[in-house]
Amino acid sequence: MKFVFVAVLLMVTVVLAQEPVAKQTGVLRLRVRVKADDSSPQRGLSRKRFFLIPGTLEQNRALIAAIEQQPLTTRDCYYKQHQASAALIGWLKEGDCESVYCRSIERDSVSGAKAVPEFASAFAASQKEYGNDETALRWLTTNIPADMRDGFYRDRQHALEALIKQGNTIQSVMTDRNGTAYFTDLGPGTYVLSNLIPTELGQTLVTWNCEVQVKAGDLATEKPYLVSNRKDKNVKCVGIEKPMPVCATD
Amino acid sequence: MTLIKPFLICFLICVPLRLSAAPDYGKFSHSTQKHKAACNTCHKITFPDIKDYPGHDACVSCHRPQFFRGARPPICSVCHSKTSPRDDVRYTFRNPATKLQFDIEFPHDRHQDVIALLRFSHAPQGYNNCTICHAPRTTTFKAVPKDHNSCFNCHWKSQQPVADNCNGCHKLANAPYVTAEFPSRISAKYMHDGGGEKKQHVGECTSCHINITKAASLRGLKPDVPITACTECHNKDGLRQDLSKELLAIDKNRGFTCVYCHEAKVGSQDPPASHYLIAERPPLKRKDIK
């Protein structure tokens, strides 16, 4: 009986010793505010992805060099290179869209004076395939060639994947319309905050690579971490701006 | 007694084993080895949605004996609501009363990248957003897509995973499961659409649901909303003090139930530390209030 009691006690001790200690994590709340040029008002940078990479800037030196040296094709340049019509380039630009999925394609974009040729031919094919105009319009993107549909996005994804492989990115989040985004469940330590692929802003490209400290217990309720392309006393991470590269087709 | 004992033990072990080994043809499982063939072996991919069970051929090639066993063969009840040769009525496809066998692989992050643009607080401008899939279900809850039609309008062909690549989205779950009809909500008084005194709750979904844009799958996805999402308006100096007021009410009466955001069950619990942090006060437990 005594032996059983000792054995049970030993087992309980071992189990308790193996119980994981609750991990203390922190939150990083970003607020990205930018100015397209000196005369423009400051605004929240909406719908842009930011990445968090474990380690210091020094530890991620190779990745940062790769970010700075990567060849970059701008959105307009990509579509020009793929012989997109001026109307499609205009439609994408009007909504700051990277692909045809970002906003609904309306009737006036498939016929009439404002028609986008790529949409018009996809609509004709969809009418034939799906039998009625309503479905043809709603399912229109299924008949747009892949390069015109989301080729630019996929190219960007490939470039990102190549960079991510080098840097052990742990999280990526997208800013909301106010330029706010949250990284949650972060282990305490040093990270590099980066957009990995430069952001098109007016006539420039902006790259952010900044070192951030996350402490256990940091909460989203605390002051946001300010990110901008302009220096200011409150800004913690200032981006580096470069002029937009010239497109080979221009 | 000593002679009976081994028989009794054998009986107790063998009978359940025998019972568990007998297949229940009234229940269909995609986990059965022979049911793991290519999906289109049985399911026909139909435009614009897959709305019906596979035909008899899909089953009868292996299960002919079960089809003709007794007056009411259990196998029929997998698809048919009535087991009768004179009635071919089937359940809705898929039968909502049965457990789910597949998890859905849905990367919110990628869809967020390409679909969800800004939803402006003024007149809609035709931008696609979360509402393209998550339409209002009630004032509190949003709906989730229930049919293939919601996906096929982009993924019918060429954009992977396409319609006949079932495994692109459907992954066999470890065990059949049921999902709650309504997710549990902490702030049940919140209204998505048209909420707020000036109906200003029509905002951008990811401003509050902060973990959606990083979610590469549905696994472990929760509708995380930090308290700051609410208190940026609801607990701001010179604007409103909805949170602070209720914390003060607890100070005066520890039995006070917070009702501004919560139903009684949640509102009668101890406010979490995050709430006190917003109000710039140390956290308190109701039991410690005199």
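The values are calculated or read from the model by the stated rules, or taken from the named source; none is laboratory data. The structure presented is a predicted model; accordingly, all values stated were derived computationally and were not measured. Here the Cβ is made from the backbone with ideal geometry for all residues, glycine too, and neighbour counts use every protein chain on show.
Taking A:Ala113, is it hydrophobic (A, V, I, L, M, F, W, C), without any contact (Cβ under 8 Å) to a residue 60 or more places away in the chain, surrounded by fewer than 20 Cβ atoms within 10 Å (Cβ to Cβ) and away from every other protein chain (no Cβ under 14 Å)? Walk me through how you get there before you give the answer.
On the way: hydrophobic (A, V, I, L, M, F, W, C): yes; without any contact (Cβ under 8 Å) to a residue 60 or more places away in the chain: yes; surrounded by fewer than 20 Cβ atoms within 10 Å (Cβ to Cβ): yes; away from every other protein chain (no Cβ under 14 Å): yes.
Spelling it out, A:Ala113 is indeed hydrophobic (A, V, I, L, M, F, W, C), without any contact (Cβ under 8 Å) to a residue 60 or more places away in the chain, surrounded by fewer than 20 Cβ atoms within 10 Å (Cβ to Cβ) and away from every other protein chain (no Cβ under 14 Å).
Residue under question is A:Asp185, and the condition is that it be outside any loop (DSSP other than H, G, I, E, B) and either assigned by TED's automatic domain parsing to the domain that holds A:Asp96 or more than 25 Å from A:Val100 (Cα to Cα) (or both); does it hold? Don't jump to the end; show me each part of the working.
Working: outside any loop (DSSP other than H, G, I, E, B): yes; either assigned by TED's automatic domain parsing to the domain that holds A:Asp96 or more than 25 Å from A:Val100 (Cα to Cα) (or both): yes.
The answer is yes for A:Asp185.
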Can you tell me how many residues within the stretch A:188-218 are part of a strand (DSSP E or B) and under 18 Å from the mean Cα position of the chain (by Cα)? 13
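Residues to consider are A:Arg138, A:Arg149; find the one that is touching a helix residue (DSSP H, G or I) at 6+ places or on another chain (Cβ under 8 Å), surrounded by fewer than 20 Cβ atoms within 10 Å (Cβ to Cβ) and within 11 Å of chain B (Cβ to nearest Cβ).
Working: A:Arg149 fails: surrounded by fewer than 20 Cβ atoms within 10 Å (Cβ to Cβ).
Result of the check over A:Arg138, A:Arg149: A:Arg138.
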Which residue out of A:Asn195, A:Asn178, A:Asn234, A:Asn229 is out of contact with any Cys (no Cβ under 7 Å at 6 or more places or on another chain), without any contact (Cβ under 8 Å) to a residue 40 or more places away in the chain and either crowded, with 16+ Cβ neighbours inside 10 Å or not assigned by TED's automatic domain parsing to the domain that holds A:Ala86 (or both)? A:Asn234
Determine whether A:Asp176 is within 14 Å of another protein chain (Cβ to nearest Cβ) and on the phi < 0 side of the Ramachandran plot. yes
Those residues of the stretch B:135-166 which are touching a residue at least 24 places away in the same chain (Cβ under 8 Å) and outside any helix (DSSP H, G or I) amount to B:Pro136, B:Thr139, B:Thr140, B:Phe141, B:Lys142, B:Asp147, B:His148, B:Trp156, B:Ala163, B:Asp164
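Look through the stretch A:71-118, keep the residues that are basic (Lys, Arg) and over 20 Å from B:Asn153 (Cα atoms), and return whichever of them is modelled with the lowest pLDDT. Reasoning before the result, please.
In the first step, residues of the stretch A:71-118 are kept if they are basic (Lys, Arg); the result is A:75, A:80, A:93, A:103, A:107, A:114.
In the following step, the residues that additionally are over 20 Å from B:Asn153 (Cα atoms) were identified as A:75, A:80, A:93, A:114.
Numbers: A:Arg75: 93, A:Lys80: 96, A:Lys93: 87, A:Lys114: 93.
Checking each candidate, the answer is A:Lys93.
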If I ask for residues that are within 25 Å of B:Tyr177 (Cβ to Cβ) and β-branched (Val, Ile, Thr), which ones from the stretch B:61-106 would you list? B:Ile75, B:Val78, B:Thr92, B:Thr98, B:Ile104
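Given the condition in a loop (DSSP other than H, G, I, E, B), surrounded by 13 or more Cβ atoms within 10 Å (Cβ to Cβ) and at pLDDT below 90, answer yes or no: does some residue in the stretch B:47-59 qualify?
There is no residue in the stretch B:47-59 that is in a loop (DSSP other than H, G, I, E, B), surrounded by 13 or more Cβ atoms within 10 Å (Cβ to Cβ) and at pLDDT below 90.
Just for helices (runs of 4 or more DSSP H) wholly inside the stretch A:114-168: which have at least 1 residues that are of a type in the set (Val, Ile, Thr)? Break it down stepwise before answering.
On the way: elements: A:117-130, A:133-138, A:146-149, A:151-167.
In the stretch A:114-168, the matching helices (runs of 4 or more DSSP H) lie at A:133-138, A:151-167.
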Hey, can you tell me all the residues within the stretch B:227-248 that are modelled with pLDDT of 95 or more and of a type in the set (Gly, Ala, Ser)? B:Ser244
If I filter the stretch B:110-130 down to residues being buried (at least 17 other Cβ atoms within 10 Å of the Cβ) and modelled with pLDDT of 80 or more, which single residue comes out as farthest from the other protein chains (Cβ to nearest Cβ)? B:Cys130
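So, in the stretch A:146-184, exactly how many residues are hydroxyl-bearing (Ser, Thr, Tyr) and under 21 Å from A:Thr74 (Cα atoms)?
Here is the first cut: in the stretch A:146-184, the residues hydroxyl-bearing (Ser, Thr, Tyr) are A:153, A:169, A:172, A:175, A:180, A:182, A:184.
Right, trim to under 21 Å from A:Thr74 (Cα atoms) and you get A:153, A:175.
Counting residues in the stretch A:146-184 that are hydroxyl-bearing (Ser, Thr, Tyr) and under 21 Å from A:Thr74 (Cα atoms) gives 2.
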